[in-house]
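Below: one structure in C-alpha cells.
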Amino acid sequence: MTPEDEAFLTEVHRNLDKQAIGPESPFFVHLEELPGNVLGLDPVPMLATRVRRATPGSMFFLTGLRGSGKSSQLRRFKQHLERNGFPVLLVDAEDYLNLRRPIGVTDMLFFLVGAISDQAVGYDLIRKSDAPESYGWSRLRDWLAKFRLETAEVAIKLPPVEGKLGLRAELRDNPSFVAQLRGFLDGRVAELVAQAHSIVEEMADQMRERWNRGEWKDLVVIVDSLDHNRAIEATTFLEVRRALVNLFDLDRAKLALPRCRTVFTLPSLVNAAETGVVRRVTNVKVADEHGGPNRAGIDALVEVLRKRIPGGELRRIFPDDDSVSDLAVMSGGNLRMLLQLAMEVITQAESLPVDRATVDSAIGEVRNSLLPLSDDERARLRRVAADHRLPLDNPECWEPVAELLDRRLVLGYRNGD
C-alpha cells in the first residue's frame, strides 16, 4: 500500500462513517429524484404539505426500517420547510431520553420543553443572553422546587440547573430519578401539562420577536430517534411498545404543543395511523417481487457509494463495475448495510484496486455478522421468503419480528400495489 493510497483510504473510511447527513452534505444523494422510483412515493413533500396546511398543535409521524435513511429524510424535510419560511427545530430524543426503557408522558414533556429551549438557543432563535430567564430546564426545575417547598412528603431530590448533574443528564442517565419524577408528579400531570405548554408558548413568543426572515409561520419541531426505543433485559418489547402506543394514543392531547406543529419518528411496529398522518421510508428497491434485480435501485446505490469516494473514483478501489453492483445487491437496498459492506472492503484491502477475492471476502464477513440464527428465526424467515409478509400472527410475534427487522434480516420495498 503506497502512502498515497493509504491517505486515500483514510479519507474514504471517514466518509463511510454512519452519520446522518442532510441535503447540504456533499455525500447526499436525492434518491427520490433518480429514475425508476426506487423509494416509492417521496414522503417529504407530502408530509410537508400536510404540515404547512395544519393548525398549530397538530402531530405527524414518520416511520420506516432501520438503516433506510429516516434521519437524512428528516433533514431534507427540515430544509424543505425552511425554504417555505417556517422556523424549524430538529431535536434528537437519544440525547435526552433513555431509549432502552418505556417512555412516559412525564419524561416526554420534560424532554420536549428542555430540547426545544436548547435548540432554540442553538439555532439563535432565542438570544443566549436571555437563556437564564427563559431556559426550559430552569423553568421546569423552579416549578418542581415550588412543590418541594409547599409539600411535606416530597421525596424527589432536584439536581443543579446545569452541569453534569442537571435535569437533562438525570433524565437520560438516571432511571431512578425518572421513576421518582413520575411518582412525584403522579396526580399532578395536568399541572405539568399546563406548565410545559406555558413555557413552550413563552419561548415561541420570544422566537417570534427575534424572527427576521419574513412572516412568522409558527414553529415546527421535528423529534428524531424515537424509533430507537427498544427493550433491555429489565423490560419487555411489549412493555416498550405499549408505552409508546399509549403515549401517542391515550396521552396525545398532552403532547400537542401550543403554537407548534410536531413531527415524530416512530418504530415500524408502532402504528400511529389512527392518531395522525403517517409517512413511511423504505429500503431502496434493488429487487422486484420475483427476486430479480432492479437495475434502477442498484444504480442508485452505486451513486450513493460514488458520492462517498473522493473524486468518485470507485475504480480506484474496486476491480470492476460488477463488484460495486454486487455490493449494492448484497446490501438489500439498506443504506447502512451498503456503507458497512464498503467499509469492510477497504478494511481488508492490502493494495488498490482490491481483487475480486477481497470483495467476496468482505461480503462473507458481513454476512457472517448476521449469524447465528435460531430455529424460530429461520422458520420466520422462510415464511417471509414464501409470502413476502411479516409474520405477525399475534402480539407475541412482534418482538422476534422486530429483532429480524433491527438486524436487517428482513427488508421492505415499495412495489406499487
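The values are calculated or read from the model by the stated rules, or taken from the named source; none is laboratory data. Predicted model only: the values in this text are computed from it and were never measured. With ideal geometry, Cβ positions are generated from the backbone for all residues, glycine too; neighbour counts draw on all protein chains shown. Heavy atoms of the whole protein, side chains included, go into the accessibility calculation; ligands, DNA and RNA do not. Shrake-Rupley method; radii C 1.70, N 1.55, O 1.52, S 1.80 Å.
In region 90-122, what count of residues is obtained for those that are among the polar types (S, T, N, Q), part of a helix (DSSP H, G or I) and more than 15 Å from Leu247 (Cα to Cα)? First the steps, then the outcome.
Within region 90-122, the subset among the polar types (S, T, N, Q) is 98, 106, 117, 119.
When the remaining residues are screened for being part of a helix (DSSP H, G or I), the result is 106, 117, 119.
Still in the list and also more than 15 Å from Leu247 (Cα to Cα): 117, 119.
Qualifying residue count for the region: 2.
Here's something else I'd like to know. Filter region 16-57 for residues that are open to solvent by 20 Å² or more (accessible area, probe 1.4 Å), not basic (Lys, Arg) and not in a loop (DSSP other than H, G, I, E, B) and give the result.
Glu32, Glu33, Pro45, Met46, Thr49
Taking Pro319 as meeting all but one of (1) touching a helix residue (DSSP H, G or I) at 6+ places or on another chain (Cβ under 8 Å); (2) in a helix (DSSP H, G or I), write down the number of the exception.
So the condition that Pro319 fails would be (2).
Of everything in region 291-316, what is assigned to a helix (DSSP H, G or I), out of contact with any Asp or Glu (no Cβ under 9 Å at 6 or more places or on another chain) and either basic (Lys, Arg) or open to solvent by 70 Å² or more (accessible area, probe 1.4 Å) (or both)? Give them in sequence order.
Within region 291-316, Arg295, Asp299, Lys307, Arg308, Gly311 meet the criteria.
What number of residues within region 229-267 satisfy the criterion of being in a loop (DSSP other than H, G, I, E, B), over 15 Å from Thr106 (Cα atoms) and open to solvent by less than 40 Å² (accessible area, probe 1.4 Å)? Reasoning before the result, please.
Keep residues of region 229-267 that are in a loop (DSSP other than H, G, I, E, B), which gives 229-236, 250-251, 256-259, 267.
Now restrict to residues that are over 15 Å from Thr106 (Cα atoms): 229-236, 258-259, 267.
If we keep only those that are open to solvent by less than 40 Å² (accessible area, probe 1.4 Å) as well, we get 229, 231, 235, 258, 267.
Matching residues across region 229-267 total 5.
Any idea which of (1) open to solvent by 40 Å² or more (accessible area, probe 1.4 Å); (2) over 27 Å from Ile317 (Cβ atoms); (3) at pLDDT 90 or above is the one Ala7 doesn't satisfy?
(2)
If you check Arg75 against the conditions, is it open to solvent by 10 Å² or more (accessible area, probe 1.4 Å), modelled with pLDDT of 90 or more, part of a helix (DSSP H, G or I) and closer than 30 Å to Phe237 by Cα? So that I can check it myself, show each step before the final result.
Values: open to solvent by 10 Å² or more (accessible area, probe 1.4 Å): yes; modelled with pLDDT of 90 or more: yes; part of a helix (DSSP H, G or I): yes; closer than 30 Å to Phe237 by Cα: yes.
Against the criterion (open to solvent by 10 Å² or more (accessible area, probe 1.4 Å), modelled with pLDDT of 90 or more, part of a helix (DSSP H, G or I) and closer than 30 Å to Phe237 by Cα), Arg75 qualifies.
Is one or more of the residues making up region 367-377 over 22 Å from Leu65 (Cα atoms) and not in a loop (DSSP other than H, G, I, E, B)?
yes
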